[in-house]
Amino acid sequence: MATTLEPPKQLTMADLKGKVDPDWCPGCGDFGVLAAVQKALFELQISNHDVVTISGIGCSSNFPGYMNTYGMHTLHGRALAVATGVKLANHALTVLVTGGDGDGFGIGGNHFVHTMRRNVDLLYIVMDNQIYGLTTGQTSPTSRIGMKTKSMPFGNIEAPVNPISLALAAGASFVARGFSGEQKHLTELIKQGIKHPGFSFLDVFSPCVTYNHDNTYQWFRPRVKKLEDDRAYDPTDWMAAMEKSLLWGEEIPIGKFFERTDVPTLHGAEPVLNEGPLVHRDPRVPLEVARSFVEELM
Amino acid sequence: MKQTFAIGIGGAAGQGVATPGDIFAKIFSRRGLHLNAYNAYQSIIRGGHTFLTIRTGPEKVTNMGDRIDLLIPLNQDAMNRHLGLLSDGAACIYNAETIKPGTAAHGVQLCPLPVSKLADISRNKVAQNTLAIGAGLSMMGVGFQALSDVVTEQFKKKGEAAVAENNNVARAGYDYATANFKPFAKPLPMTENRYAILSGNTAMAMGGAVAGVKFYSAYPMSPSTGVLHWMAAHARKAGIMVRQVEDEIGVVNMAIGAAHAGVRAMCATSGGGFALMSEGLGMSAMTETPVVVIDCQRAGPSTGVPTKTEQGDLWQMLGAAFGDYPRVIAAPLDIGDCFRMIPEMFNLVERFQCPGIVLCDLLLSEGRLSVEPKELDLNPPIDRGEMITRANGGRAGASSNGTYQRYRITESGVSPRAIPGVPGHMHTVATDEHDEDGVLISDEFTNPTKRRAMMEKRMRKVAGIEAAVPPPALRGPGNADVTLIGWGSTKGVIEEACEILNDHGISANQLQIRWLVPLHGEAILELLRGSRHTIIVENNYSGQFARYLRSETSYVPNGYIRKYDGEPFMPHHIVEAVKEQLAGKTKLSVPMHEIVV
């Protein structure tokens, strides 16, 4: 992503720490995601005042408050729409969007699909715990069939959404999956996602230690297999990515499924932005242009 | 009485009602005449019945009036629906080969055109329309050259042959009428003035452009879509990012995102789309991010009558989103005001960092009005409020790192707003209740003292907004027999009703409300203290404004005039209702719309 570097000051890890400590449950997978995002920004040395972290509502959506960047804690499901507006008003900013599976795939599902097809240049990290946590444990769009929750006490009868296949089908130009228990790998994916010119989707297994007793660290650990370990895997091959996205069970792939850089970003495709970010422009329409608008009506 | 002349053109959608309308409108405005146009139509692309009224005259024409002087029915249906409404001195021009006239009132001139004798109808499908325009202009005493100029412009794109052919057809109609029909009693006047013809949607879009809007988002919805169309067509010239979004939820959230990043952002919709936006309005208020939303009202509830007008969304605006928060709501009074209101609204919402709603309606959005170009201020004042940007010294404030408080408690309730990208002012804005530094107090740190302080900080802006907005004024003679109270788009028709009442010996004055929130209730009570008989006129079923005024001031008027059939008021509706109410016959009049369109 395009970023403005502020050279004089070396960014430290401490610079990225927010005003308050996270109030997530001890052991929550989101701690690992927060640490990886901060590490990635530190390693990339992106000035924190040029970063906007935007979230919806939910446990993981408290994320912006734990960062020391510009932040927006918006409405449930709406983070991507807000983020699109931010990016289009000032495309020099690095935009990170964070949230959960209910926020992104449930109430925000419509914006999820459309933001991908528009190829808005931002990194969208979903902390996917397959449960609604902040509302104390209901079925989410990624809960498996049969999972018992407070809202489906006799077991979920609805098929879960596959976020990776959905992202590929919707035209996301960068699609990856991480695991909160694999810090180094996750940090690397975040860095790639930030650098990718276009919409980067990163689904992260981020276990809920309080409400999801099915998909725990212990459950994920033996199953996750890094795509990067398979030398034959080609992340520019969309069909291969689609095939990999369907794997679930004893072996679950994590890593970069897909990336293409030949699609224009939304802000890159719009000539109105050729002269630079809108926010830095004089808001006034030149008088002779305004006069021509009136003349059209005479 | 003002001298006006009104043309009614009726036909099925797709029969070409719009083109003759455009041609007449151009000729009138070039003659230096004012005009007001209103198109009654249905939610159909082909078929149905469309009826366009264009009323013109040397003075301002504020509404469609009561009388049609020239009727041009393009099919039998239009003839059947409208001929009976013509009165002495009017004329009806029609295709004698396809349309049979009914019985016309005394003094109405029937003008049949032998269309196939005057034009080659096998080649020119709209020959009857062009012949009728020519005939009509001849009877109005307009020289042929004016028509020829407009026809030439209209068909230029289709090539010289089309220009020549249509000019010949227009000429044939013109000459036939000169030889066979009686001209109108008064020829159409002419002045040296030149006007721009605007729809309310065009006016609001242009108002946005000159106000410095840099982001416009929308989802198509009648009758607001015209704003999107203008914005999209002029985006590159005006330097505006225009996006068509997946739904109105996305629309308002995107606009708020853009506004947060530091540009003026606007969106427009109608009642149904606004319903989807309401949670976003709350976010605008809670995060203190200024945004302007235009609601072009149409007849509801639900999908309702998408192509018909109503003033039925007031309570939706008053109650939009949950919780208490400062907001501004204003209803433009006419199409020129649609233009003026947008820069004014932006200055207010940016000063007070809150959402602003422009409550327009189909009558203004899709109606057309002549406006003196000088009345369109293309360089209006722009007040962006207390903003911290890179340009205005944000960098100098870098030392304030850790001490900048986005929601600092101030006397005015307004806290300086740093936009992303400014060093040293990092903060998180939140829809959760938060402390002065943006940190949530809604989770483990909930604190009743802080919550109360933040609530009071935001609500203190209400007093500031009220002081920044002028109270309404009474128009017309003092000590009148009757005071008509209206809001928004009914200004023009009430004005004319007052003139007619005064001519009929009933002195009438008018109180038209533009700013709905803040309302200036005390000032309104003071204005009405001397009124002898007050009547609230509005385009809805339940008297939404009457209920609002009562809730704010306990004021109860003497009577009500309401209309909720989808069509706007005509002056005589109001005049007759006032007379029956002054005679003590009723307190609530619901005028019948005689024209079935």
Among what's in the range A:101-127 and is assigned to a helix (DSSP H, G or I), charged (D, E, K, R) and within 13 Å of the chain's Cα centre (by Cα), pick the residue that is surrounded by the most Cβ atoms within 10 Å (Cβ to Cβ).
A:Asp103
Of the criteria (1) under 30 Å from B:Gly421 (Cβ atoms); (2) touching a helix residue (DSSP H, G or I) at 6+ places or on another chain (Cβ under 6 Å), which one B:Ile382 fails:
(2)
Every listed condition ((1) in contact with a strand residue (DSSP E or B) (Cβ under 8 Å, 6 or more places away or on another chain); (2) assigned to a loop (DSSP other than H, G, I, E, B); (3) more than 14 Å from chain B (Cβ to nearest Cβ)) holds for A:Leu297 save (3)
Answer residue from the range B:65-94, given it is in contact with a helix residue (DSSP H, G or I) (Cβ under 8 Å, 6 or more places away or on another chain) and within 23 Å of B:Ser489 (Cβ to Cβ) and is surrounded by the fewest Cβ atoms within 10 Å (Cβ to Cβ) among those
B:Asp66
When B:Arg458 is run through (1) assigned by TED's automatic domain parsing to the domain that holds B:Glu576; (2) within 28 Å of B:Glu344 (Cβ to Cβ); (3) in contact (Cβ under 8 Å) with a residue 60 or more places away in the chain, the failure sits at (1)
Index of the failed condition, B:Met204 passing every other in (1) in contact with a Lys or Arg (Cβ under 8 Å, 6 or more places away or on another chain); (2) crowded, with 24+ Cβ neighbours inside 10 Å; (3) in the same structural domain as B:Val371 (by TED's automatic domain parsing)
(1)
Options A:Gly137, A:Gly102; residue that is more than 27 Å from A:Val279 (Cα to Cα), more than 10 Å from every other protein chain (Cβ to nearest Cβ) and either out of contact with any strand residue (DSSP E or B) (no Cβ under 6 Å at 6 or more places or on another chain) or among the polar types (S, T, N, Q) (or both)
A:Gly137
Return the residue satisfying two criteria in turn: it lies in the range A:172-186 and is surrounded by fewer than 24 Cβ atoms within 10 Å (Cβ to Cβ), of a type outside the set (Gly, Ala, Ser) and in contact with a strand residue (DSSP E or B) (Cβ under 9 Å, 6 or more places away or on another chain), and of such residues it is nearest to A:Gln218 (Cα to Cα).
A:Glu182
Can you tell me which condition B:Ala12 does not meet? The list is (1) outside any loop (DSSP other than H, G, I, E, B); (2) crowded, with 19+ Cβ neighbours inside 10 Å; (3) touching a Lys or Arg at 6+ places or on another chain (Cβ under 8 Å), and all the others hold.
(2)
Scan the range A:244-262 residue by residue and report those that are assigned to a loop (DSSP other than H, G, I, E, B) and within 19 Å of the chain's Cα centre (by Cα).
A:Arg260, A:Thr261
Quick one: count up the residues across the range A:263-285 that are of a type in the set (S, T, N, Q) and either at the interface with another protein chain (Cβ under 9 Å from one of its Cβ atoms) or within 20 Å of the chain's Cα centre (by Cα) (or both).
1
Where a residue in the range A:97-117 is on the phi < 0 side of the Ramachandran plot and its partner, wherever it lies, is basic (Lys, Arg), with Cβ under 9 Å and at least six apart
A:Asp103/A:Arg78; A:Ile107/A:Arg78; A:Gly108/A:Arg78; A:His111/A:Arg78
Which numbered condition in (1) crowded, with 22+ Cβ neighbours inside 10 Å; (2) out of contact with any Ser or Thr (no Cβ under 8 Å at 6 or more places or on another chain); (3) under 20 Å from B:Ala135 (Cβ atoms) is the only one that B:Ile7 fails?
(2)
Within the range B:128-164, how many residues turn out to be under 18 Å from B:Gly21 (Cβ atoms) and not in a helix (DSSP H, G or I)?
1
Residue list for the range B:263-285, filter: facing another protein chain (nearest Cβ under 10 Å), within 29 Å of A:Leu273 (Cβ to Cβ) and surrounded by fewer than 24 Cβ atoms within 10 Å (Cβ to Cβ)
B:Glu279
Please tell me if B:Thr307 is more than 9 Å from chain A (Cβ to nearest Cβ), assigned to a loop (DSSP other than H, G, I, E, B) and buried (at least 20 other Cβ atoms within 10 Å of the Cβ).
yes
Can you tell me how many residues within the range A:68-91 are more than 7 Å from chain B (Cβ to nearest Cβ) and among the small types (Gly, Ala, Ser)?
2
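Yes/no per residue for (1) at pLDDT 95 or above; (2) outside any helix (DSSP H, G or I); (3) surrounded by 23 or more Cβ atoms within 10 Å (Cβ to Cβ):
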residue: B:Gln3; (1), (2), (3): no, yes, no
residue: B:Ala37; (1), (2), (3): yes, yes, yes
residue: B:Thr50; (1), (2), (3): no, yes, yes
residue: B:Thr56; (1), (2), (3): yes, yes, yes
residue: B:Lys60; (1), (2), (3): yes, yes, no
residue: B:Asn63; (1), (2), (3): yes, yes, yes
Residue in the range B:72-81 that is of a type in the set (Gly, Ala, Ser) and part of a helix (DSSP H, G or I) present:
yes
Of those in the range B:214-262 that are in a strand (DSSP E or B) and either among the aliphatic types (A, V, I, L, M) or more than 16 Å from B:Pro420 (Cβ to Cβ) (or both), the residue nearest to the other protein chains (Cβ to nearest Cβ) is B:Met241
Would you mention how many residues in the range A:42-75 are over 30 Å from B:Ile249 (Cβ atoms), touching a residue at least 60 places away in the same chain (Cβ under 8 Å) and assigned to a helix (DSSP H, G or I)?
2
Go through the range A:148-182 and count every residue that is among the charged types (D, E, K, R) and in contact (Cβ under 8 Å) with a residue 40 or more places away in the chain.
2
Looking at B:Tyr560, B:Tyr564, can you tell me which residue is out of contact with any helix residue (DSSP H, G or I) (no Cβ under 9 Å at 6 or more places or on another chain), farther than 12 Å from B:Trp487 by Cα, assigned by TED's automatic domain parsing to the domain that holds B:Val482 and buried (at least 16 other Cβ atoms within 10 Å of the Cβ)?
B:Tyr564
Condition check: of a type outside the set (A, V, I, L, M) and within 9 Å of chain B (Cβ to nearest Cβ). Does A:Gly65 satisfy that?
yes
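The values are calculated or read from the model by the stated rules, or taken from the named source; none is laboratory data. Because the structure is a prediction, the values reported are computed rather than measured. Note that each Cβ is placed from the backbone with ideal geometry, even for glycine, and that neighbours are counted across all protein chains shown.
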